[in-house]
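Visitor: Sharing a structure with you now.
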Amino acid sequence: MVFNNLLTLEVLTLLTSLTSASKVEVPYPNQQQIHLHPANGHSHHHHSSNSSPASNQERGSTNSRERSFLPGHRKFDLFENSCPIPSSELVPWPGGLGKESNWTEVPLCTRMPHFTATTGVKNETGINDAFCIFSTKSFQGGRGLSVATKPHIASKIANLPAFKMSAGVDLWKKSYPPFEIKPVPGKGMGVIANRTIFRGERLFAHAAVGIYHNDIFLTRRSKDYRLRNRMMEVGVEQLPEESRRKFHAMIGQKNAHHVVQGQLNVNTFGEDFGGEEHSIIIPETARMNHDCRPNSMYYFDPETLIHYTQAARTINAGEEVTITYIDPLQSREDRQKAITYSWGFQCTCSHCLQPSAYSEASDGRILAINSLVKLLLGETKLKGNTTPSAGEKTKIAELLVDLYEQERLVSHIVDAWMWAAQTHKEAGNSWESLRWTYRSEEGSLIHEGPRNEAATRMGNLVQKISEEVGVDLGYLVEGDEE
């Protein structure tokens, strides 16, 4: 493990023997103690980029695209009698870097982490760890990575297969990308297709350059606000020059009081690490603008830390490549509120700008989709308090597919396909189930990636149903060729 041998016996003895009101200062190995200057307190006003990626529209984000700023953070005190650490000073990791560390920079923490002689780092309560910034300049062939989280979570991240990869994925090493980054009226920069892009084509594949625990984001009224912001700054400063340049090229949140936090607020994707919510940053994907009916979809590989974006439908040359920052299964009013609240801009996509009569009809279809899903889940019943029969469920699922198509929800339609596959299977309609299962398998691969459980499940179901109907599909293909 990365952290198990970080403390020498001498350092451990020093830590556990503290009883006076003195502050522990552990120097970097073979260096003088480094004192970090507080972050400057100037308030910066900037425009926003995108969160998930974002571009020039503002967003905030926690889970997949929306970040709720937490009003407070539980104080962590390792020693009750120790002096409080100044609000803008980070503490170097005791003992420096371990021999087996995957980090290239000595970690800096908000508090002295809690150690034990047997486990190195201990997290007794789940929330009682210090927050530290862990950075490496060598990650993914020099792309670099900074992780601001709890030590025990950073330890798990450092042992992922991602750290054994010599370099990331280079999609366009042998060909030109099917898009260009160009100015988009009213949006700043955007991703524009320069040829026809077909459904399933991979557009972006970039490793995260930053992973930030969501509890690090505080309001200005919080006691540790400046300290946490300094940690965010250090995370960017410790990246290699190219990644640092890409980070600073992102537009930040309008009227943000802190530049780096403002950029993170509107350019991150929500992901889970160690059972806790984090926000990841991929500067390249931040070029993609929002649309309530996007033409591309993305997923994150938690093993390689690579974020992928793929076309959800055919995209014509000259068309902007977009993603959605929000849950699209909402009314126009709710979508507009979500975008304005989290990113500070008003959505002007074609779906939001359609005439009121069309928008109201769309809202009705969205309401129907959500109601039908509840019916299939068994959360509601039909009129008369009756449960739909197996045959009725297949009709409900097929109606669901039609509604997704009418709403142009191509980036999420795989959910409807899976309902169709499942209900026809339960009704004993093997051939119809096989039809929808094939679609679901392909859709899951595009929308969730090959590691996703849904893609594996659908692939297994294709094989199972084929056996049930007594047909070897591979044999049929060979017979046709003969």
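Values in this text are rule-based calculations from the coordinates and carry no lab data. What you see is a predicted model, and the numbers here were worked out from it, not measured in a lab. Every residue, glycine as well, gets a Cβ built from its backbone with ideal geometry; the counts of neighbours run over all protein chains shown.
Visitor: Work out the FRET efficiency for residue 341 and residue 468 from their Cβ-Cβ distance, taking R0 = 41 Å, and round it to the nearest 0.05.
Guide: About 0.25, to the nearest 0.05.
Visitor: When only DSSP loop residues count, what GluC sites (Glu not before Pro) in segment 303-334 have their Cβ near at most 16 other Cβ atoms within 10 Å?
Guide: 303, 319
Visitor: Students often forget the sequence filter, so: which lysines lie under 22 Å Cα-Cα from residue 374 once same-chain residues fewer than 8 apart are removed?
Guide: 383, 393, 395, 425
Visitor: Related question: Quick one: order 383, 337, 246 by neighbouring beta-carbon count within 10 Å, fewest to most.
Guide: Fewest to most other Cβ atoms nearby, the residues stand as 383, 337, 246.
Visitor: Now for a separate question. Can you spot the lysines whose alpha carbon is less than 28 Å from residue 156's alpha carbon? Ignore those fewer than 8 places along the same chain.
Guide: Straight-distance partners of residue 156: 75, 99, 122, 137, 164, 246.
Visitor: Another question about this same structure. Taking the alpha-carbon centroid of each part, what is the distance from segment 239-301 to segment 415-455 in angstrom?
Guide: Result: 31 Å between the Cα centres.
Visitor: Assign one of three labels to segment 414-467, namely rounded, prolate or oblate, based on the Cα gyration tensor with a ≥ b ≥ c the square roots of its eigenvalues; rounded applies when a/c is under 1.5, prolate when it is not and a/b is larger than b/c, and oblate otherwise.
Guide: Working: a/c = 2.41, a/b = 1.61, b/c = 1.50.
Cα axes put segment 414-467 in the prolate bin.
Visitor: Under 8 Å for C-alpha pairs, at least 6 residues apart: give me the relative contact order for segment 197-349, rounded to a whole percent.
Guide: Working: 225 pairs, mean separation 46.2, N = 153.
Worked out over segment 197-349, it gives 30 percent.
Visitor: Tell me, what HN-Hα J-couplings in whole Hz come from the Karplus equation 6.51 cos²θ - 1.76 cosθ + 1.60 at θ = phi - 60° for each residue of segment 179-190, using x for Gly and Pro?
Guide: So the Karplus estimates, Gly and Pro as x, are 8, 9, 8, 9, x, 10, x, x, 10, x, 8, x Hz.
Visitor: Given 0.36 nm per residue, what is the gain on full extension from residue 241 to residue 334 after removing their alpha carbon distance, in nm?
Guide: In short, 29.4 nm is gained.
Visitor: Now a separate question. If you count, for each residue, the other Cβ atoms within 10 Å and average over each peptide, how do 265-273, 422-430 line up from highest to lowest?
Guide: Listed from highest to lowest mean packing, they are 265-273, 422-430.
Visitor: How would 222, 296, 440 line up from fewest to most surrounding beta-carbon atoms within 10 angstrom?
Guide: The most exposed by this proxy come first: 222, 296, 440.
Visitor: Taking other Cβ within 10 Å of each residue's Cβ, how do 396, 282 sort, fewest first? Mind dumping the intermediate values first?
Guide: Values: 396 19, 282 27.
Fewest-to-most Cβ neighbours within 10 Å comes out as 396, 282.
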